[in-house]
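See structure below.
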Amino acid sequence: MPSVRSAGARSAATRAGTAVRAAAFWTAVSLPPVVILLLALGVNLVLVGAVLALNAAALVVGHGHRR
C-alpha cells in the first residue's frame, strides 16, 4: 500500500508537469509573432535561429497540454 507521503509527492510532480506543459504550450503559441518582429527589425539571424529553436523545444514539451 503506497504511503500518503509518496502519493503527495506524485501529486506534486503531476501538478508541476502540468504547469511546465502549459507554460511551454503558451510559449510556443506566442513566439512566432516575436520571430516575425525580429526579422522585420533586421536582428541578427543567430538570435532569430535561437528563438526558433526555443519555439521548437516549446512545441515538443507543450504538445500534451490539455489532453
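Laboratory data are not the source of any read-out in this text; all were calculated from the coordinates shown. Remember, it's a predicted structure, so these values are computed and weren't measured experimentally. Counting neighbours? That spans all protein chains shown, and the Cβs are built from the backbone with ideal geometry, glycine included.
Over the chain, what per residue volume does the convex hull of the Cα atoms give, in whole Å³?
85
Angle, helix 45-62 long axis vs. longest principal axis of the chain, Cα atoms, 0 to 90°, nearest 10?
On a 0 to 90 degree scale, this one is about 30.
Run the paramagnetic zone check for V34: 7 angstrom along Cα to Cβ, then residues of region 51-67 with backbone nitrogen under 17 Å.
Once the point is set 7 Å along Cα→Cβ of V34, 51-63 turn out to lie under 17 Å by backbone N, inside region 51-67.
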